[in-house]
Amino acid sequence: MIRSLNFLQNKYDWKDIKVSVIVSTGRTGTKYFAQLFSSHKNYIAKHEPAPICNLQGFSYLKGEMDEDEVVKFLLKGRKKIYNEIRKAKRNSYLESNGGLIFLIPFLDKVFPNLRVAHIIRDPRDIVRSGCSRTEEFEGEISPKYENENSWLIKSYELPNDKFKDHWGRM
């Protein structure tokens, strides 16, 4: 596994690319920053590019992925963007992506020239904003994510959470 990881790190060598990552608690306007930076001549900027990475962060937290697997996933998952940056002859990349929050400890292993900004919004505003979002599901309008929330991590899924038996009473 180490050999293939070293191969990927050499093939997709980000050391001369300035990488900025914006993570947030959600509903904080990070899409705006990606749009703003994409207009700059030196930047390639993306908002939540595929893969978004939240499931891999959850897999790491649950002990289903180790550090090398996370780094390999990130290198492979961003190879298309790496090639786009090289082809466009840019030297800076910005990604706004809340899905990277649990992968922050590994980002510098992929992006040696890394800066991270974490935007925090008042939780009451996040809830209000989230609750105002709707979607059509089976012909009915309902709150977004009411019918599909499998991508959200549940407290009982975290084996090392010392509060996992108490969340229901909080």
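Taking into account only those residues within segment 105-156 that are of a type in the set (A, V, I, L, M) and at pLDDT 80 or above, which is nearest to LEU8 (Cα to Cα)? Before the answer, list the steps.
At the first step, the residues of segment 105-156 found to be of a type in the set (A, V, I, L, M) are 107, 110, 114, 116-117, 119-120, 126-127, 141, 152-153.
Subsequent filtering for residues that are at pLDDT 80 or above retains 107, 110, 114, 116-117, 119-120.
Working: LEU107: 14, VAL110: 10, LEU114: 18, VAL116: 23, ALA117: 26, ILE119: 31, ILE120: 33 Å.
In this case the residue turns out to be VAL110.
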Legend entry - Only listed residue being of a type in the set (A, V, I, L, M), in a loop (DSSP other than H, G, I, E, B) and touching a residue at least 24 places away in the same chain (Cβ under 8 Å), chosen from ILE52, ILE85: ILE52
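Kindly indicate which of PHE7, PHE37, PHE33 is open to solvent by 60 Å² or more (accessible area, probe 1.4 Å), among the aromatic types (Phe, Trp, Tyr) and either in contact with a Leu (Cβ under 6 Å, 6 or more places away or on another chain) or assigned to a strand (DSSP E or B) (or both). Steps first, answer last, please.
Numbers: PHE7 fails: either in contact with a Leu (Cβ under 6 Å, 6 or more places away or on another chain) or assigned to a strand (DSSP E or B) (or both); PHE33 fails: either in contact with a Leu (Cβ under 6 Å, 6 or more places away or on another chain) or assigned to a strand (DSSP E or B) (or both).
One residue alone meets the criteria, PHE37.
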Inset, instruction - Count, please, the residues in segment 101-137 that happen to be over 30 Å from ASP66 (Cα atoms), open to solvent by 60 Å² or more (accessible area, probe 1.4 Å) and part of a strand (DSSP E or B). - result: 3
Inset, instruction - Return yes or no: is LEU75 in contact (Cβ under 8 Å) with a residue 24 or more places away in the chain and over 30 Å from ARG133 (Cβ atoms)? - result: yes
Legend entry - Residue satisfying all of: in segment 63-82; assigned to a loop (DSSP other than H, G, I, E, B) and over 16 Å from PRO49 (Cβ atoms); modelled with the lowest pLDDT among these: GLY63
Legend entry - Top-ranked residue in segment 157-170 [being open to solvent by 80 Å² or more (accessible area, probe 1.4 Å) and part of a helix (DSSP H, G or I); ranked as modelled with the highest pLDDT]: ARG169
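The values are calculated or read from the model by the stated rules, or taken from the named source; none is laboratory data. Everything numeric here is computed off the predicted structure, so don't read it as measured data. All Cβ positions, even for glycine, are placed from backbone atoms using ideal geometry, and neighbour counts span all protein chains on display. Quick note on the areas: whole protein, heavy atoms, side chains included, nothing else; ligands and nucleic acids left out. Shrake-Rupley method; radii C 1.70, N 1.55, O 1.52, S 1.80 Å.
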